[in-house]
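Here is the structure we will look at.
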Amino acid sequence: MFPASSPCPHDSDKLINELLLLLKHPYLYSGVMIDTLPEQGLVSVLQPFNKDGSLKDIIYHSKPLDRWQTKYSRCGIVLPPTSIRKYCRQILEALLYLRGKGFTSFQHLHSGNVLIRKDCCKLTGVENILLGMKPKLQSVITRLVKHKADAFDSVCFGHLLFELCTGYELDSAAPQPRHLLDIAGHDAVELLNFIFYSDTIPGINEISTHSYFKGVDLKEMRAFNPAPIRLTPAMKSCINKTNKTAADLLSRKHRLGKKEKVNH
């Protein structure tokens, strides 16, 4: 339960829940619902329990019901290269699906928002965009992505990839010299360089076609034959307002960051 700040209409519970229900994909977690408490200015998110936990649980050898204060305090493990490639390609497919439905940026990608079910990734947190929640990595990567909302997901993905390759979270916008020793020789180095050190931050589609993912079998997609979904004008308006709010926030943070840099 947290403060409500949705860019969608104040009485948007029904609208958001209907929209979440329509978004179906093999690599999206389904069944999430929201409920707002207007008198208290709060919103609650109801999500089915996933006994297999998240990618973060796998990295840190923890269980979903372990105490939050301590479950991620131990050293993480490095996942097998084949698992990293498969999981990351699945995540990219989920992000591309959301782009195709009108979301210009997901912004809430991190290992805790990727649930695992039967060795398959399920991206969760779509409701965070619609509710106007602050992204976890916003303060860390804003200066790197500047005002480009479409680059935000790419850098978040780079952070997730780094964590999978090293067993710990990247604590800067991009890998620094002190981090390079931990990824030296890893087969994901070329992709990390592509994401963080290209002249222009590549988009999610460009990342998904990188040679790193050659040969990855997305077997769940072969059986995915969804019926066309029709978003109502109200849903489209909600998505558009969500995109604008996210872009405005990122632009504002970038301007403040530049101002602080000048003042110092």
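A few notes on this one:
- Residue identified as charged (D, E, K, R), at pLDDT below 90 and either under 21 Å from the mean Cα position of the chain (by Cα) or assigned to a strand (DSSP E or B) (or both) among Asp35, Asp11: Asp35
- Every residue from the stretch 126-175 that is in contact with an Asp or Glu (Cβ under 9 Å, 6 or more places away or on another chain), hydroxyl-bearing (Ser, Thr, Tyr) and farther than 29 Å from Leu21 by Cα: Thr166, Tyr168
- Just one of the numbered conditions (1) touching a Lys or Arg at 6+ places or on another chain (Cβ under 8 Å); (2) within 17 Å of Thr104 (Cβ to Cβ) is not true of Ala173: (2).
- Qualifying residue in the stretch 58-75 (condition: more than 14 Å from Tyr27 (Cβ to Cβ), at pLDDT 90 or above, of a type in the set (Gly, Ala, Ser) and in a loop (DSSP other than H, G, I, E, B)): yes
- Search result, residues across the stretch 84-141 that are surrounded by 21 or more Cβ atoms within 10 Å (Cβ to Cβ) and part of a strand (DSSP E or B): Val114, Leu115, Cys121, Lys122, Leu123
- Yes/no for Asp182 being at pLDDT below 95, in a helix (DSSP H, G or I) and farther than 17 Å from Glu93 by Cβ: yes
- Those residues of the stretch 30-83 which are among the charged types (D, E, K, R), open to solvent by 90 Å² or more (accessible area, probe 1.4 Å) and without any contact (Cβ under 8 Å) to a residue 12 or more places away in the chain, in sequence order: Glu39, Lys63, Arg67
- Set Pro226, Pro202: member being without any contact (Cβ under 8 Å) to a residue 60 or more places away in the chain and assigned to a loop (DSSP other than H, G, I, E, B): Pro202
- Here Ala174 fulfils each of the conditions (1) within 15 Å of the chain's Cα centre (by Cα); (2) open to solvent by less than 20 Å² (accessible area, probe 1.4 Å) apart from (1).
- Criterion (modelled with pLDDT under 95, loosely packed, with under 14 Cβ neighbours inside 10 Å and in a helix (DSSP H, G or I)) met by exactly one of Leu249, Leu256: Leu256
The values are calculated or read from the model by the stated rules, or taken from the named source; none is laboratory data. None of the values given here were measured: they were computed from a predicted structure. Glycine gets a Cβ as well: all are built from the backbone with ideal geometry, and neighbour counts include every protein chain shown. In case anyone asks, the SASA skips ligands and DNA or RNA and just uses the protein heavy atoms, side chains included. Shrake-Rupley method; radii C 1.70, N 1.55, O 1.52, S 1.80 Å.
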